[in-house]
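For reference, the structure discussed in these notes is given below.
The values are calculated or read from the model by the stated rules, or taken from the named source; none is laboratory data. A quick note: this is a predicted structure, and the numbers were derived from the prediction, not measured. Note that each Cβ is placed from the backbone with ideal geometry, even for glycine, and that neighbours are counted across all protein chains shown. With ligands, DNA and RNA removed, areas are computed over all heavy atoms of the protein, side chains included. Shrake-Rupley method; radii C 1.70, N 1.55, O 1.52, S 1.80 Å.
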Amino acid sequence: RFSEVEVAIRDNFDQFLNYLERFDNFIVAKLISKEEIEPYLRYWLETISTDLSPTTKQALFNYINKYDFKGTIRLLKRFDIDILHNPEHIDPLNSE
């Protein structure tokens with residue numbers, strides 16, 4: 001159903017989002033704090049929240065929501081990036 005290139009892209013996004021999930025798990029376990037990892041994640045958080053085109057951002061946020069990356073959602077919320085409740089991030093084709 002997907003080409004080899006599409007599978008590779010999906011696998012890379014899955015791996016990236018799983019790493020973000022892991023950071024949130026470390027915060028929950030009190031192994032690190034938000035403040036300790038912020039300098040290392042700043043680039044990625046800014047890219048996700050502001051630097052992506054609206055279409056790309058929407059696709060990423062839909063993917064995160066559809067495939068239930070709860071730790072990623074929590075981590076983004078910790079940095080005031082709310083992908084679930086911000087109307088800017090609601091896909092008008094899938095909203096009811």
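Scanning segment 57-84 for residues that are outside any helix (DSSP H, G or I) and open to solvent by less than 100 Å² (accessible area, probe 1.4 Å) yields a total of 7.
When restricted to residues that are touching a residue at least 12 places away in the same chain (Cβ under 8 Å), of a type in the set (D, E, K, R) and open to solvent by 90 Å² or more (accessible area, probe 1.4 Å), segment 3-22 contains 1. Here segment 21-56 is the region considered, the condition is being assigned to a loop (DSSP other than H, G, I, E, B) and hydroxyl-bearing (S, T, Y), and the residue that is farthest from K77 (Cα to Cα) is S53.
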